[in-house]
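The values are calculated or read from the model by the stated rules, or taken from the named source; none is laboratory data. These numbers come from a predicted model, not from an experiment. Note: ideal-geometry Cβ built from the backbone for every residue, glycine included; neighbour counts use all protein chains shown.
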Amino acid sequence: MSEKIQKLREILAEIFDLERASALLGWDQQTYMPSAGALMRGYQSGTIDRMAHDMATSAALGKLLDDLRPTAGSLDPDSDDARLVRVAALDFERAKCVPSDYVEELARVAAQAFPAWAQARQSSRFSVFQPYLEKLVEMTHRYVSFFPPAAHPYDVLLDRFEPGLTTAEMQAIFKPLREKQVALIKWIATAPQVDDSCLHQKFDTQAQWDFGVHIITKIGFDWNRGRQDKSAHPFTVSLSADDVRITTRMNPDYFGDSLFSTMHECGHALYEQGFAEGLGRSPLGNAASLAVHESQSRMWENLVGRSLSFWRYAYPALVTSFPQLKGVPLTTFYKAINRVQPSLIRTEADEATYNLHVMLRMEIEIALLEGTLAVKDLPEAWNSRMKDYLGVTPPDDAHGVLQDVHWAYGELGYFPTYALGNLISAQLWETIRAQIPDIEAQIEAGKFDALLGWLREKIHRHGRKFAPQEMVRRVTGSGIDAAPYLRYLETKYRAIYEG
Ligand code: ZN
């Protein structure tokens with residue numbers, strides 16, 4: 001048994017190496033690669049992804065897992081070895097359904113779709129991206145066809161990012177959430193609007209970078225095991241727990257764009273830097289799911305970063321960095337960064353409207369997959385839903401259907417994890433408040449170690465040992481549930497808009 005486990009670990013370690021080498025090529029493409037490099041990069045990524053996939057579906061690995069599965073039952077079910085066999089077997093079964101040629105083709109097509117998307121977005125012309133997206137949607141249909149029929153074809157996509165959650169379950173969570181969020185937004189619209197003019201001034205971009213670095217250093221980002229660069233679309237890539245890379249962008253007219261995305265990506269990075277040492281170079285050295293990942297980023301960005309306690313601590317330093325804020329009272333600033341205003345861009349959306357952006361995308365993805373919506377009709381479908389959901393109409397495709405990069409990677413089924421991450425972040429927060437009753441006072445004093453320590457202990461160190469639903473249940477005592485997030489929104493925004 002121990003010899004076979006050792007052999008399994010060796011194979012999985014090499015697969016991990018190849019996957020992370022591919023991630024590094026992707027990081028480079030979005031940060032420093034000259035744009036003309038896209039074609040060759042596509043081949044390079046395609047070759048590596050194919051090699052990783054061939055190893056992940058090899059007969060040798062299959063045989064090893066067949067041998068190990070029965071004996072793994074005799075191990076402590078929560079031990080690393082038992083969990084490793086379970087997770088490796090799941091990955092193997094899923095990977096085996098997908099042909100190598102497909103994996104290679106997807107990497108190649110995505111590497112070319114990315115610059116096409118960037119160019120389309122820059123010139124605000126959907127037609128530039130359309131043929132690539134048509135190809136990627138066609139490939140997504142093919143991907144679904146590789147798997148046994150599910151209750152809904154979207155289940156197959158969702159399972160890549162949020163294992164175990166079905167489309168029907170997700171819709172059951174989202175439906176009441178949407179109704180209650182829409183009602184809250186309507187109520188807010190009847191209250192006098194918050195003045196956020198203090199945020200919309202010229203903010204030195206170097207000072208924005210420096211302030212972001214100051215904050216994430218304070219909350220625990222480990223610079224010996226990570227770095228930050230600039231990119232058009234902020235993201236996090238992890239090459240290992242000892243090399244976690246985040247990016248940010250600076251907007252000279254609005255400092256929040258940079259700070260909140262820096263805190264967001266830092267939340268992802270803290271998770272990746274927090275995996276227990278023994279989980280490295282194995283599939284357990286990954287997040288439980290994208291929704292759990294997003295619960296970490298959204299917690300630092302919003303539950304911490306947009307809270308009054310945090311700004312009682314951080315505001316004096318912010319005013320020192322940006323003297324134009326001198327004379328703006330803390331409460332004015334706090335309300336300004338929490339202003340609710342239905343808007344066009346998801347990543348800039350306030351907490352009250354954010355999930356609606358996500359639900360809109362999910363419905364569009366489901367319609368693309370069901371074949372009731374064609375790619376060429378996307379801009380129109382997008383704009384009409386924006387009007388329905390948020391009461392705003394994009395002036396062009398760059399501010400509409402082209403705003404996000406995910407579809408250029410062929411990643412359909414990803415967006416719902418953003419909203420689920422919000423829900424989980426609030427569930428965790430209620431648990432944290434019960435278990436660390438003075439958490440807000442600590443944050444106000446600029447102390448983040450108890451919070452980070454709690455997250456490390458309950459979530460980070462486990463990596464992918466527990467399935468996402470299981471992880472949430474172990475920590476909070478309940479499955480993924482919208483009620484805590486709704487309570488959080490209600491309390492926060494009633495105070496801001498009634499006061
Ligand atoms: Zn994120």
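If you go through the range 185-197 one residue at a time, do you hit one that is at negative phi and either within 16 Å of the ligand (Cβ to nearest atom) or touching a Gly at 6+ places or on another chain (Cβ under 8 Å) (or both)?
no
In the range 275-302, which residues are away from the ligand (no atom under 16 Å from the Cβ) and outside any helix (DSSP H, G or I)?
Of everything in the range 275-302, those that are away from the ligand (no atom under 16 Å from the Cβ) and outside any helix (DSSP H, G or I) turn out to be PHE275, ALA276, GLY280, ARG281, SER282, PRO283, LEU284, GLY285.
Any residue at all in the range 44-51 that is basic (Lys, Arg) and surrounded by fewer than 15 Cβ atoms within 10 Å (Cβ to Cβ)?
Within the range 44-51, none of the residues are basic (Lys, Arg) and surrounded by fewer than 15 Cβ atoms within 10 Å (Cβ to Cβ).
So which of VAL237, VAL244 is touching a Lys or Arg at 6+ places or on another chain (Cβ under 6 Å), in the same structural domain as GLN296 (by TED's automatic domain parsing) and within 15 Å of the ligand (Cβ to nearest atom)?
VAL237
What tally of residues in the range 142-160 results from selecting those that are of a type in the set (Gly, Ala, Ser) and within 23 Å of ALA288 (Cα to Cα)?
Total meeting the criteria: 1.
Could you check the range 220-232 and list, in sequence order, the residues that are buried (at least 16 other Cβ atoms within 10 Å of the Cβ) and within 16 Å of the ligand (Cβ to nearest atom)?
PHE221, GLY226, GLN228, SER231
If you check MET250 against the conditions, is it farther than 17 Å from GLN30 by Cβ, touching a residue at least 40 places away in the same chain (Cβ under 8 Å) and among the aliphatic types (A, V, I, L, M)?
no
In the range 375-388, is there at least one residue being within 16 Å of the ligand (Cβ to nearest atom) and out of contact with any His (no Cβ under 6 Å at 6 or more places or on another chain)?
No - not one qualifying residue is present in the range 375-388.
Residues in the range 303-316 that are under 19 Å from the mean Cα position of the chain (by Cα) and either closer than 27 Å to LEU8 by Cα or not in a helix (DSSP H, G or I) (or both): how many?
Adding up the residues that qualify gives 2.
Hey, THR247 hits all of (1) within 20 Å of ILE337 (Cα to Cα); (2) hydroxyl-bearing (Ser, Thr, Tyr); (3) out of contact with any His (no Cβ under 7 Å at 6 or more places or on another chain) but one; which does it fall short on?
THR247 satisfies every listed condition except (1).
Could you run through the range 317-338 and say how many residues are under 25 Å from the mean Cα position of the chain (by Cα) and surrounded by fewer than 17 Cβ atoms within 10 Å (Cβ to Cβ)?
Matching residues across the range 317-338 total 0.
With respect to GLY327, is the statement that it is assigned by TED's automatic domain parsing to the domain that holds SER258 and at pLDDT below 95 true?
no
Mind checking which helices (runs of 4 or more DSSP H) fall wholly inside the range 104-212 and carry at least 3 residues that are of a type outside the set (Gly, Ala, Ser) and within 20 Å of the chain's Cα centre (by Cα)?
153-161, 167-190
Could you grab me the full set of residues in the range 274-291 that are of a type in the set (A, V, I, L, M, F, W, C) and over 18 Å from LEU90 (Cβ atoms)?
PHE275, ALA276, listed by residue number.
Would the range 250-258 turn up any residue that is modelled with pLDDT of 95 or more, assigned by TED's automatic domain parsing to the domain that holds PHE466, within 16 Å of the ligand (Cβ to nearest atom) and buried (at least 22 other Cβ atoms within 10 Å of the Cβ)?
No: zero hits.
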